[in-house]
Amino acid sequence: GAKTRGKNRCEIFDAGLQARAVDRIAIASALRRGLRDDRFVLHFQPVVDICTGDTVAVESLVRLDDPDRGLLAPGTFIQVAEDSGLIVPIGTSVLEQACRELVAWRASGAAGPGLRTAVNLSARQATRPDLAETIEHALAQAGLEPSALTLELTETVLMEADAATLRQLERIRELGVGLGIDDFGTGYSSLTYLKRLPVSFVKIDRSFVAGLITDPSDREIVTAVIRLGQALGLTTIAEGVEEPAQFDALRQLGCDQAQGFLLGRPKAGPPGDIAAVRAMRTAARVS
Ligand code: C2E
Ligand code: MG
Ligand code: MG
Ligand code: MG
């Protein structure tokens, strides 16, 4: 009867909750071990100037090289890292590695002086009073100039930023570090913070880019974000570009930069020559 069903449902629910809790504990301990043994590694994905085809930046994306589970993507552990506070030391390690690696690429000739590195900042990091200091330290330790670093924050972090956080962000901006908004369009939609905050770029979320060719409302949204960016003097970056038709549409709409599997998947080491861009350049010269 209904009672039994109710009870069963309840047990299933509890079992699921318990499994998730155990899972989270296991992940948290893998994160602690990863920190202790220095097993957080970065993969780098190219960001391309849509007009010139040049790689202008890489996004530095964290992975955990776990001895038991293999290479873990951030989707499997970022939430636990946030909730446990472990994202703070992990994030510091990411910042330091990203800066160091770029300097090493320059030294070996794998990167020119104009290439920048982009690092994601979580809410827990962004609201810390020592954020600016941590960033300055990472730059100084690597010997990297601030203008070669950009930081990606989410809309939610920016909207909820209190006066102290805003002062930190302004200090970082004054150093010359670029600040911008990641996954734009997926958070709360108040736009007042765009005016209030020291941001220099917006990244159009890949869910909108995915429908750019096939879904008229996605196309309208992408168009509107690019116009808004232009009106406010912000660099617009499209995420999740997988098809040449999306790249072409973005160029026609006046988007500044693009990132996605079409241009390169995240990988260890410096960005190489981008075959898709080379092919498009050849096509442009031929036609
Ligand atoms: P994000 O910052 O929006 O980074 C872009 C994500 O989209 C990356 O996933 C990238 O591999 C994926 N991506 C890039 N191009 C394409 C494409 O063409 N198609 C599809 N389907 N996906 C594409 P990844 O590396 O798994 O990272 C996921 C998220 O984890 C990031 O999203 C970011 O929010 C977070 N994350 C990564 N590294 C860090 C970090 O060091 N600190 C913090 N706090 N978060 C990080
Ligand atoms: Mg990002
Ligand atoms: Mg993003
Ligand atoms: Mg995204």
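The values are calculated or read from the model by the stated rules, or taken from the named source; none is laboratory data. These numbers come from a predicted model, not from an experiment. Please note: Cβ atoms are built from the backbone with ideal geometry, for glycine as well, and neighbour counts cover all protein chains shown. Side chains included, ligands, DNA and RNA excluded: accessible areas come from the protein's heavy atoms. Shrake-Rupley method; radii C 1.70, N 1.55, O 1.52, S 1.80 Å.
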Lys/Arg +1, Asp/Glu -1 at C-beta; region 145-187 dipole; positive extreme among Thr186, Leu166, Leu153: Leu166
For region 21-125, the Rg and Dmax computed from alpha carbons only, in angstrom: 15.3, 49
Highest-MSF residue in the chain out of Gly229, Gly85, Gly260 [GNM, Cα springs under 10 Å]: Gly85
Calculated SAXS-style log₁₀ I(q)/I(0) at q = 0.07, 0.16, 0.17 Å⁻¹ - the chain, Debye, Cα scatterers: -0.30, -1.33, -1.45
18 Å tail of the calculated P(r), region 83-200, as % of Cα pairs: 50
Fraction of accessible area attributable to carbon and sulfur, the chain (%, probe 1.4 Å): 54
For the chain, share of DSSP beta bridges that run antiparallel, in % to the nearest 5: 40
